[in-house]
Amino acid sequence: MTQRGRPTDGVDPSVVKHQLERWLIEVLDLDAEIQALSVPTWSGHGDQNWFVSVRDRAEVAASVREWVLRIENPTSVDLGVDFGLPFEVFSALSNFSDVPVPRSIALELSSEYFGAPFFITERVRGREVADHPPYAFAGWLWEASVEEQRRVANSVIDTVANLHLVDTRQASFAFLQDGRTTIGTDSALARWRLLLDRCDDGRAAKAARSMWPRLLDGRRDDPPSRSICWGEARLANMIFTDCTVGALLDFEDVKLGAPEADVGSLLFRDEMMTQGLGLQPIPGFPSEGETLERFGSLLGRDLENIQWWKDFAQFRYLVKRALRA
């Protein structure tokens, strides 16, 4: 069944409040009051997302904790993603790297409280870059000075490259090799081909199928070492503090592979949100060549076959569109 509208539409916030307070006392032994509950502006069509403000009733002068509650949506399109995997990524990255991600609070795999598993992370305050309206048409990034725009772009590149430099040989990242995500390009291609085979013959699916032979022909060997790849590398999946990345969000498609996968995704998504809509690129953003040069200097090698990776990002986008049609 394909989910229409946001998954929080029609959900009674008072029920969410009651069930979360019940879970807090029964599982965490925390007698807490939910003081505020709201839906983030970035909440999309996948799982339920709620901003939650919590105060411990046992502490007279307790400070308010700000969390994000994410509840699995069983009626959303099944992309074959392990629900708890992003939580584990947040936990490992926040504890064993300096990559900015929300701090993990708790993961509940039982469906007793909300009819589905859920997890809680710390809320990261900041600004989002919206897809609607396009960020190259309106919003704080469009209104920023050229120098501020350049600082944003450089922070994005530096943060994503820093993710790729995380040493995945650490025991804390062993979960990325337990079969719940893809490892290498061949594995990723096979996964997305299987998802495409589930699609009807709509416009997006036909476009994706037309790209498949080109992807197979242009495929090259992976680099010797594989990095953590975000999988959803785009501006809308980041929180910004001033002109600096404050957090990377949405690790549902995390995998081990070539950094080019994320770089290709960043470039494709930016082109789609600017040139693809008949809009001019953000003036302060670097050219593709400048972007690749900065990534290369940070990663210690030249990036290869980048047009193929942009095509693969477009292919994944089309498959998701087809699945949700």
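Laboratory data are not the source of any read-out in this text; all were calculated from the coordinates shown. Only a predicted model underlies this, so the values are computations on that prediction, with no experimental measurement involved. Neighbour counts are summed over all protein chains in view; Cβ atoms, including those assigned to glycine, are modelled from backbone coordinates with ideal geometry.
Basic side chains Lys and Arg get +1 at the Cβ, acidic Asp and Glu get -1 at the Cβ, and with that the dipole of the stretch 13-122 about its Cα centre reaches some 280 debye. If you count Lys pairs in the chain whose Cα atoms are under 24 Å apart, skipping same-chain pairs closer than 8 places in sequence, the total is 5.
Measure nothing fancy, just the Cα-based angle from helix 288-299's long axis to the longest principal axis of the chain, in degrees from 0 to 90, nearest 10. Long axis of 288-299 versus the principal axis of the chain: about 70 degrees. Where in the stretch 119-140 does the amide nitrogen come within less than 11 Å of the point 7 Å from the Cα of Gln170, taken along Cα to Cβ? The answer is none. Take the Cα of Asp200, step 7 Å toward its Cβ, do the same at Glu304, and the gap between the two points is 4.2 nm. Extending 7 Å from the Cα toward the beta-carbon at both Arg214 and Arg103 defines two label points whose distance is 4.6 nm. A Förster radius of 30 Å combined with the Cβ-Cβ distance from Arg151 to Asp12 puts the calculated FRET efficiency at roughly 0.10.
Annotation: the antiparallel percentage among DSSP beta bridges lying fully within the stretch 127-324 is about 90.
The stretch 243-280 and the stretch 76-143 have their alpha-carbon centroids 15 Å apart. Classify the stretch 13-122 as rounded, prolate or oblate, taking a ≥ b ≥ c as the square roots of the eigenvalues of its Cα gyration tensor: rounded when a/c is under 1.5, otherwise prolate if a/b is larger than b/c and oblate if not. Verdict is oblate for the stretch 13-122.
At 222 nm, what helix-only mean residue ellipticity would the chain give, in deg cm²/dmol to the nearest 500, using -39500 (n - 2.57) for each DSSP H run of four or more?
Roughly -12500 deg cm²/dmol at 222 nm, from the helical runs in the chain.
With angles folded into 0 to 90 degrees, how steeply does helix 13-27 sit against the dominant principal axis of the chain? Use alpha carbons for both and round to 10. The angle comes out at about 80 degrees.
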